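Data block below; observations after.
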Protein chains: 2
Amino acid sequence: MQKEAHELAVTSPFTAFQENGKKEIHLGQHVLAEFFECDPNTLNSIDKVEKYMVDAALECGATIVQKCFHMFNPYGVSGVVIISESHLAIHTWPELGYAAVDLFTCGDKCDPKVSYEFLKKKFNSKKATFSELKRGIIDEETLKVAEKPFEIMQQFAD
Amino acid sequence: MQKEAHELAVTSPFTAFQENGKKEIHLGQHVLAEFFECDPNTLNSIDKVEKYMVDAALECGATIVQKCFHMFNPYGVSGVVIISESHLAIHTWPELGYAAVDLFTCGDKCDPKVSYEFLKKKFNSKKATFSELKRGIIDEETLKVAEKPFEIMQQFAD
C-alpha cells in the first residue's frame with residue numbers, strides 16, 4: 001500500500017470553478033477526447049501508445065501510480081495509466097485511424113488540456129474533439145455530492 | 001502478446017442499433033455511472049472494490065485481460081479492469097459515499113447495464129445515475145468514423 005492520498009484529499013478538497021460569478025464545485029473533471037485521422041502505425045504500436053500516454057500524464061503534472069497496456073491481435077491497443085489524480089485510458093482502432101481517450105483528473109493541479117494537445121500531436125491527429133465533463137458535483141449548501149449525472153463543462157473540435 | 005482480438009474485430013465489426021427505423025453504428029458504448037449514498041466501508045476496501053469490479057465485468061460477459069487497483073491513504077480506491085471489450089474504471093470517495101464508474105464496451109456481446117445494476121447492489125447505493133454515450137460514431141455512407149464528439153444515447157436515475 002502506498003502512502004499518497006487521493007489528490008483531492010491532500011491539496012485541494014474539491015475543484016472549484018468560478019462560473020458566472022457563482023462558485024461551482026465538483027470532484028473530478030472528465031475529458032472525453034476523440035482523435036480522428038491519426039497515424040495508424042502509431043495507434044497500432046503498444047510501445048508508442050504506452051509511452052505517449054505516460055508522457056501525457058507527466059506533461060500535465062500528474063503522478064503515475066500504476067499502468068497497464070494490452071496489444072490486441074490483429075489491431076488495436078488498450079491501456080490505462082492510474083494517476084494520483086484519477087486515470088487516463090485509451091482504446092485505439094488503427095484500421096480506422098481513431099482513438100478514444102479518457103482523461104479523468106481530480107483537484108486543480110493537472111490541466112487535462114495539456115495531455116490532450118500532447119496526444120493530438122503525437123498521434124498526428126488531423127482532427128479531434130474535446131469534451132470536458134463535471135463528475136461528482138457538490139451541492140454548495142450541504143457539501144454533499146448532488147445526486148445527478150455529469151454536466152458538460154466545455155466541448156470543442158479542432 | 002495475447003491472441004485475442006478487439007471484440008469488435010472478431011464478432012461484431014460495429015455496434016449497430018436500430019433507432020427510429022434508422023441504422024445507427026458506433027464503435028463503443030461508454031456508460032458513466034454515478035453511485036451516491038454507498039456503503040463507505042465497501043468503497044474504502046480495495047479488496048471489495050476490486051472483487052466487485054472484476055465480478056461486474058464477468059457478470060456482463062466480458063473477458064478480462066488485465067486489472068490494476070490502488071488504495072489511497074487515508075481514503076479511496078482507484079482501479080481499472082481492461083477487458084477484451086474495452087475497460088471498466090472506478091474512483092471512490094468513501095468519505096462522501098460516492099463512486100464514479102466508467103463502463104466502456106465495444107461490440108454487442110456485453111450489456112453494461114448488467115454491470116451497473118450489479119455494482120449498485122454491491123455498493124448498497126441508494127441512488128445512482130446511468131448515462132450511456134456513443135463513442136466513435138460511424139458515418140453510414142463512408143464507413144469512416146464521423147469527426148464529431150460523443151452523443152448521449154440514454155440517461156436515467158434510479
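State, to one decimal in nm², a quarter of the convex hull surface area for the C-alpha atoms of region A:15-158, i.e. the direction-averaged projected area. Could you put the intermediate results ahead of the total?
Values: hull surface 35.5 nm².
Average projection, Cα convex hull of region A:15-158: 8.9 nm².
Note the distances from A:Lys51 to each other copy's matching label point, with points 7 Å along the Cα-to-beta-carbon direction, in nm, sorted shortest first.
4.2
Hey, quick one: spin label on A:Asn73, modelled 7 Å out along Cα-Cβ, who in region B:44-68 has an amide N within reach, i.e. under 18 Å?
Residues B:63-66 qualify, since their backbone N sits under 18 Å from the label point.
Quick check: pseudo-label points 7 Å beyond the Cα along Cα→Cβ at A:Gln66 and B:Asp108, how many nm apart are they?
3.5 nm
Explain nothing, just the number: relative contact order of region B:24-158, from Cα pairs under 8 Å at least 6 residues apart, as a whole percent.
Numbers: 317 pairs, mean separation 45.3, N = 135.
Over region B:24-158, the number comes to 34 percent.
Between A:Ile152 and A:Lys126, how high is the FRET efficiency from 1/(1 + (r/R0)^6) when r is the Cβ-Cβ distance and R₀ = 35 Å? Nearest 0.05.
On the way: r = 24 Å, r/R0 = 0.69.
So the FRET efficiency works out to roughly 0.90.
Positive end of the charge dipole of region A:28-157 (Lys, Arg +1 and Asp, Glu -1 on Cβ, about the Cα centre): tell me which of A:Val77, A:Val65, A:Ala128 has its Cα farthest that way.
In region A:28-157, that residue is A:Val77.
Anything over 24 Å Cα to Cα? Flag those among A:Lys109/B:Lys121; A:Lys144/B:Lys134; A:Lys67/B:Lys51; A:Lys144/B:Lys127; A:Lys67/B:Lys121; A:Lys126/B:Lys144, in the order listed. Display every interim value, and only then the final one.
Values: A:Lys109/B:Lys121 34 Å; A:Lys144/B:Lys134 30 Å; A:Lys67/B:Lys51 19 Å; A:Lys144/B:Lys127 13 Å; A:Lys67/B:Lys121 29 Å; A:Lys126/B:Lys144 14 Å.
The pairs that break the limit, which is 24 Å between Cα atoms, are A:Lys109/B:Lys121; A:Lys144/B:Lys134; A:Lys67/B:Lys121.
Using 1/(1 + (r/R0)^6) with R0 = 22 angstrom and r between the beta carbons of A:Lys51 and B:Asp47, what's the FRET efficiency to the nearest 0.05? Show your work: numbers first, answer last.
Values: r = 32 Å, r/R0 = 1.45.
Result of the calculation: an efficiency of 0.10.
Read the figures in this text as sums done on the coordinates, not as results from a lab. Because the structure is predicted, anything quoted here is derived from the model rather than measured. Counting neighbours? That spans all protein chains shown, and the Cβs are built from the backbone with ideal geometry, glycine included.
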